[in-house]
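The values are calculated or read from the model by the stated rules, or taken from the named source; none is laboratory data. Everything numeric here is computed off the predicted structure, so don't read it as measured data. Cβ placement follows ideal geometry from the backbone for every residue including glycine, while neighbour counts extend to all protein chains displayed. For accessibility, only protein heavy atoms count, side chains too; no ligands or nucleic acids. Shrake-Rupley method; radii C 1.70, N 1.55, O 1.52, S 1.80 Å.
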Amino acid sequence: MLLYPTYFSPIIHFTALANSRSATFEVEDNYQKQTYRTRCYIYGANGKQLLNIPILQANSKQRTKDVLLDNSTSWRQQHIKAMASAYKSSPFYEFYEDELIDLLLKKRKYLLDLNLDCQQFIFDNLPLEIVMDRSIEFHKEYPTQVDFRFLADAKSNRSFKLSEYTQVFSDKHGFIANLSVLDLLFMEGPNAINYLENQGVEWI
């Protein structure tokens, strides 16, 4: 299967990965706006909350792997504060907090490096054992791979039926599906991998 590495990807991204033996990250593509490369959604006190990564000016003629993070802002600290506010009362946040903060505070030059590190953080903590590699050239179609790159589209109207689990603020706003996988990890901890493996998602 083929996916884009994105920023603390939506749950559906890792549902696909959890049900595969091997996968390839597409790293040779051109940059696209309105994707989960630069954003994720968590469950805040007021409901669905966007966390956005600032980047230096990029366009569709630029390779995603060349897109630069905008390190002139305090977005890292803002994301850390937002995650703590949203999940400090969740069952498992404290187990991952230190590693998460270290990951976010690490200074990187490129967006792709951040997203790959975020993927590895989730892989390690689910844990998820899968053979991963990276693309070496871009193709619009890969006849030998199941193409899941569409999962990176943050503006897609496509919805997936995912099982409910308890969320910190679900008593106020109800269940919100397909948030960042961090939401699932902080709420379910070691059981998160079982949740992902047992989603009967219809992909077509």
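Listed by first and then second residue, the pairs linking a residue in segment 105-124 that is in a loop (DSSP other than H, G, I, E, B) to a residue that is open to solvent by less than 80 Å² (accessible area, probe 1.4 Å) and modelled with pLDDT under 95, with Cβ atoms under 7 Å apart and 6 or more places separating them unless they lie on different chains, are 107/71.
Filtered by the rule that a residue be open to solvent by 80 Å² or more (accessible area, probe 1.4 Å) and either within 29 Å of residue 98 (Cβ to Cβ) or among the β-branched types (Val, Ile, Thr) (or both), segment 165-204 gives 166, 171, 172, 173, 190, 197, 204. Residues that are out of contact with any Phe, Trp or Tyr (no Cβ under 8 Å at 6 or more places or on another chain) and among the aliphatic types (A, V, I, L, M) within segment 129-172 comprise 131, 136, 146, 162, listed in sequence order. Highlighted here are the strands (runs of 3 or more DSSP E) found entirely within segment 1-104 that include at least 2 residues which are free of Cβ contacts under 8 Å to residues at least 40 places away in the same chain: 47-52.
On the stretch given as segment 17-69, residues that are within 22 Å of residue 93 (Cβ to Cβ) and either more than 17 Å from the chain's Cα centre (by Cα) or of a type in the set (Gly, Ala, Ser) (or both) total 5. Restricted to segment 127-199, the set of helices (runs of 4 or more DSSP H) holding at least 1 residues that are within 18 Å of the chain's Cα centre (by Cα) and aliphatic (A, V, I, L, M) comprises 181-188, 192-197.
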